[in-house]
Amino acid sequence: MRIAFLCKRRYMGKDVIADRYARLYEIPFQLARLGHDVRGFCLSYQGHDEGQWEHDAAPGRLTWERRPPAL
């Protein structure tokens, strides 16, 4: 199954993607480990790097994208 996960980039002062922090990281990670194709979209009002990151979550895929919020 293909799943889109939308969240904010910083949570409790930590970076969700870089620090692999809290439930905002764990929920999509565990879904990918069950074999799903998960794409996480992180919105950030701060000046974080835009881009795409792929984390190892075999047998599924976990890909994160950082996007500026759409106004």
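The values are calculated or read from the model by the stated rules, or taken from the named source; none is laboratory data. Note that the coordinates shown come from a computational prediction; the quantities given were computed from them, not determined experimentally. Reconstructed Cβ throughout: ideal geometry from the backbone, glycine too, with neighbour counts over all protein chains shown. Side chains included, ligands, DNA and RNA excluded: accessible areas come from the protein's heavy atoms. Shrake-Rupley method; radii C 1.70, N 1.55, O 1.52, S 1.80 Å.
Exactly which trypsin sites (Lys or Arg not before Pro) in the range 19-71 are in a DSSP loop and have at most 15 other Cβ atoms within 10 Å?
Values: sites: R20, R23, R33, R39, R61, R66; in loops: R20.
Sparse-neighbourhood loop trypsin sites (Lys or Arg not before Pro): R20.
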Please sort by residue number the GluC sites (Glu not before Pro) in the chain whose DSSP state is loop and whose Cβ has at most 15 other Cβ atoms within 10 Å.
-> E50
If you build the Cα gyration tensor of the range 2-66 and take the root of 5 times each eigenvalue, what three semi-axes come out, in whole angstrom, biggest first?
-> 20, 12, 9
Once you have the Cα-Cα distance between D37 and M1, take 0.36 nm times their residue separation minus that, and quote the gain in nm to one decimal.
-> 12.3 nm
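Considering only protein heavy atoms and a 1.4 Å probe, what is the carbon-and-sulfur percentage of the accessible area of the chain? Walk me through the numbers before you get to the answer.
Working: 2380 of 4730 Å².
About 50 percent, which is the carbon plus sulfur part of the accessible surface.
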At 1.4 Å probe size, with no ligands or nucleic acids counted, give the accessible surface of L34 in Å², nearest ten.
-> 130 Å²
Computed over the range 2-66, the relative contact order (Cα-Cα under 8 Å, seq sep at least six) in percent reads 35 percent
Treating only the Cβ atoms of Lys and Arg (+1) and Asp and Glu (-1) as charged, compute the dipole magnitude of the chain about its Cα centre; round to the nearest 20 debye.
-> 240 debye
The range 1-47 accessible area per residue, 1.4 Å probe, protein heavy atoms, integer Å², reads 66 Å²
